[in-house]
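The values are calculated or read from the model by the stated rules, or taken from the named source; none is laboratory data. Please read all numbers here as calculations on a predicted model, not as lab measurements. Here Cβ is always computed from backbone atoms with ideal geometry, including for glycine, and neighbour counts include all displayed protein chains. The protein model used for the area step is the full one, side chains on, heavy atoms only, and it has no ligands, DNA or RNA in it. Shrake-Rupley method; radii C 1.70, N 1.55, O 1.52, S 1.80 Å.
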Amino acid sequence: MGIFRIRLLVGALLSIGVLVAGSGAIATADPTGGPAAARWVASHDGPQPYAGVNVTWDVPIRMSDGTFLRANVYRPANAAGRATTTTTPVIVNMTPYTKLITALGTAVTQHPVLGPFLTQLATAVGQISAPIRGVADLSQLTNTLRDQGARTFLVDQNLVRSGYTQVVVDVRGTGFSQGKWDVFQNREQRDTLEVIDWAAKQRWSNGKIGMSGVSYSAINQIQAANKRPPALKAIFPVEPGGDLIRDIVAPGGALGVGFLPMWLTLVNTTKMVPNVASMLNGTFDWRWLADRISDPLTFYPQLFAALLTPDIPSVPPELRELLVNNSEPRQAWQDKAERIQTPTFIYGGWFDLFTNSEVRMYNKIPLPPGQKQLIMGDGYHLTIGGGQTGRAGTPPRLDVLQKAWFDKWLKGKDNGIDSYGPVQLKQVGDSWITAQQFPRAGMTRQRLYLSDRRSGTAPHAVRDGSLTTAKSNSRGRLTISPGVLTACSRDSAQQMAGALALFPFCANDARISERNVLTFTTAPMTTTRSVSGYANLRVNAVMDATDGYWTATLNDVAPDGTSKVISSGQVMASLRAIDPARSQFASNGDVIDPFYKLTLASRQRTVPGRPVSIDIGLLPTEALIRPGHRLRIDVFAMNLMRGLPLRPLLNESGLKPEHIQLDPNRPSFVNLPLSQPIP
């Protein structure tokens, strides 16, 4: 009788597995995707039904206000380059970086001779540079080319040859398109919907639209999907942002100086490159030129105002609208992911520019697992999909996953991609794991308290303190002054999109930046434990001015002293007010994910000398802390290049020292999500 029951149970479980997974593949907890992934790779890399790609250059698309956008249309073709007459699904990519760059990058990296040569060169450079990796880690960038992550930024010709049309469009005011660059705002979002509608109605389209692209071209996928256009059937956003003020413009209320000036210069420079072919054939677009002359430096007035305005009363209107909740940019720059009904596959990273948003968007999308999926690596914004080839236990390449995703939702192929994941997480400094959600289930919230008792692990710091499970009875005061050594840090590498990651002594070891820091370190771990989710540091702060800049990092400290940042956060003291309805709290009432209001109306100046509680929310993370390693909290009073206080707030701070006042009645502590509590 017992054996019979066991057989019934096994049979029932197998039946449930088949019903859940479908006939395409059985769901697996394997980040590699198992046998189904081998089929996805073969589908992408193997022989395709079409031998060539036909390109129609600079196709005009008229918007409802009369502005013309320009698009390159890539269609499957025969070996002679003649486009097929069969209608196909269409993949739309909206780019501000000029489709000329997309075309050149595609032509070079996917050339039948140059492409393999570049891949081999990238692999060789990564291998040859191994002896100097402690000084310059070139593989951070070369792996993106080697592992084909760049194809999600360009046109994947294998995807086109497999039976898709790809349309690459210069967004309004950039590339060869007319108009003024609208930077994700309402007119630009309407353009995206009109392009989707246009693509669905073309003679070469079967009416089913997908969207692809990285960064900017990922953000506008989210913006389009939240409006539910009927033709949009799937999106594959790689590194999308969902709250641009909190992500990159002013994280914690400090101007994102490591990224914004560089990015604005890139777009405002490339948008001035003219269509040389039209100049030679007599079809030059004079309205394009007039539009460029009328708006040569989009968003620079706001940038200069943030850097130069001396006080709050002098804030000009173009900056003020970024500091009020109901303005067009503040509203337009919200992801509104809770409205999305389109199957969505998000790729992000723990050190991406948009880490703040990627997990939030996934969790907000009201779709079942499988119809929404998430991959979080441990790379940077420029290291797209790097490190996902040639290593055991890694997810398939991004270009492979992208094609499988579109095959499922645009062509109806039962290929098992909807049974992948649904969440793949790279544990910082360790291996990939599969989860059903993020944060992962089973975590325990634990307070660790800041203490002035020396840990003996950070003699290089301004002050070496401890992180303990019990409150400190000390009433000491720990003082930190603004410094510049965070320019060599993982936060700087993150804000500079990964450029600084070439120097691992900055990006992978915080001991240089820790010379400007208060450190608080635990005893060594006796067992392995995970950190999974959001963390928050509450400090009992005392200011010498009416404002100040508080920054914190959570670090994994190895037995040899290497201090690796696994998460970070920052906030201006006067902008510490949170929105309780959008923040998250632990069961004991602790804030664990503060959602800062970041408005002039919510600003609260500090009173010099009077203690005030400040919550410093740390970005979500997934990390494995091994025996012998320690956890550390670093506290800074400045965070170049991640942020620089807006000039009025900087002037109020006077760059004066900041203090943590230890007080058993008002303890300073970090609330962490741990797989098992620290005894």
Entries of LYS227/LYS426; LYS408/LYS597; LYS227/LYS403 with Cα pairs more than 29 Å apart = LYS227/LYS426; LYS408/LYS597
Tell me, what is the per residue accessible area of the chain in Å², probe radius 1.4 Å?
-> 37
Roughly what angle does helix 186-201 make with the longest principal axis of the chain, taking Cα atoms, 0 to 90 degrees, to the nearest 10?
-> 30
When the helices in the chain are scored as -39500 (n - 2.57) per DSSP H run of 4 or longer and the sum is shared across all residues, what 222 nm value do you end up with, to the nearest 500 deg cm²/dmol?
-> -7500 deg cm²/dmol
1/(1 + (r/R0)^6) with r = Cβ-Cβ of ALA392 and LEU600, R0 = 41 Å, i.e. FRET efficiency to nearest 0.05, evaluates to 0.20
Any idea how far apart ASN473 and ARG666 come out in nm if each label point goes 7 Å out from Cα toward Cβ?
-> 2.2
Using the Cβ atoms and a cut-off under 12 Å, what net charge is assigned to the surroundings of PRO580, where Lys and Arg are +1 and Asp and Glu are -1?
-> -1
Would you calculate the volume per residue, in Å³, of the smallest convex hull containing every Cα atom of region 72-118?
-> 100
For region 456-501 and region 40-109, what is the separation of their C-alpha centers, rounded to whole Å?
-> 49
Label point distance in nm, THR526-ALA29, each placed 7 Å from Cα along Cα→Cβ | 2.7
In debye to the nearest 20, the charge dipole size for region 147-239, taken about the Cα centre with +1 at each Lys and Arg Cβ and -1 at each Asp and Glu Cβ, equals 380
Percent accessible area from carbon and sulfur atoms, region 444-674, protein chains only, probe 1.4 Å = 52
Taking a crude spin-label model, label points 7 Å out from Cα along the C-beta direction, the GLN341 to ILE293 distance in nm is 4.8
Debye, to nearest 20: dipole size of region 444-674, +1 on Lys, Arg Cβ, -1 on Asp, Glu Cβ | 360
So what's the angle, to the nearest 10 degrees on a 0 to 90 scale, between helix 34-45 and the longest Cα principal axis of the chain?
-> 50
Determine the shape class of region 195-274: with a ≥ b ≥ c the square roots of the Cα gyration tensor eigenvalues, call it rounded for a/c under 1.5, and otherwise prolate if a/b is greater than b/c, oblate otherwise.
-> oblate
Percent of C-alpha pairs per 10 Å bin, region 444-674, short to long | 8, 35, 40, 15, 1
What dipole magnitude, in Debye to the nearest 20, does the chain give about its Cα centre under +1 on Lys/Arg Cβ and -1 on Asp/Glu Cβ?
-> 1040
Extreme residue, positive dipole direction of the chain, given options SER653, PHE176, ILE248 (C-beta unit charges) = ILE248
Identify, among LEU537, ASN268, THR123, the residue whose Cα sits farthest towards the positive end of the charge dipole of the chain, taking +1 on the Cβ of Lys and Arg and -1 on the Cβ of Asp and Glu, with the dipole about the Cα centre.
-> LEU537
What list of ³J(HN,Hα) couplings, whole Hz, do you get for region 150-158 from phi and the Karplus terms 6.51, -1.76, 1.60, once you set θ to phi - 60° and write x for glycine and proline?
-> 5, 4, 6, 8, 9, 9, 7, 5, 5
Near the amide H of GLY348, under 5 Å away, which other amide H atoms are found, from residues 5 or more places off or on another chain, if H is placed in the peptide plane?
-> GLU239, ILE375, MET376, GLY377
Where a ≥ b ≥ c are the square roots of the eigenvalues of the C-alpha gyration tensor, would you call the chain rounded, which needs a/c under 1.5, or, failing that, prolate if a/b is larger than b/c, or oblate?
-> oblate
Once the Cα atoms of helix 216-225 and of the chain are each reduced to a long axis, what angle between those two axes, in degrees from 0 to 90 to the nearest 10, is obtained?
-> 80
When the chain is fully extended, how far beyond the present Cα-Cα distance does GLN584 get from ASP45, taking 0.36 nm per residue of separation?
-> 189.7 nm
Could you tell me which of rounded, prolate or oblate describes region 561-679, using a ≥ b ≥ c as the square roots of the eigenvalues of the alpha-carbon gyration tensor, with rounded for a/c under 1.5 and, failing that, prolate when a/b is larger than b/c and oblate otherwise?
-> prolate
Estimate the FRET efficiency between PHE284 and TRP57 by the formula 1/(1 + (r/R0)^6), using the beta-carbon distance for r and 22 Å for R0, to the nearest 0.05.
-> 0.90
Put +1 on the Cβ of each Lys and Arg and -1 on the Cβ of each Asp and Glu in the chain; which of THR98, PHE153, SER205 then has its Cα farthest toward the positive end of the dipole?
-> SER205
For GLU328, placing the label point 7 angstrom along Cα-to-beta-carbon and taking region 167-206, residues whose amide nitrogen sits under 18 Å are 171-174, 178-194
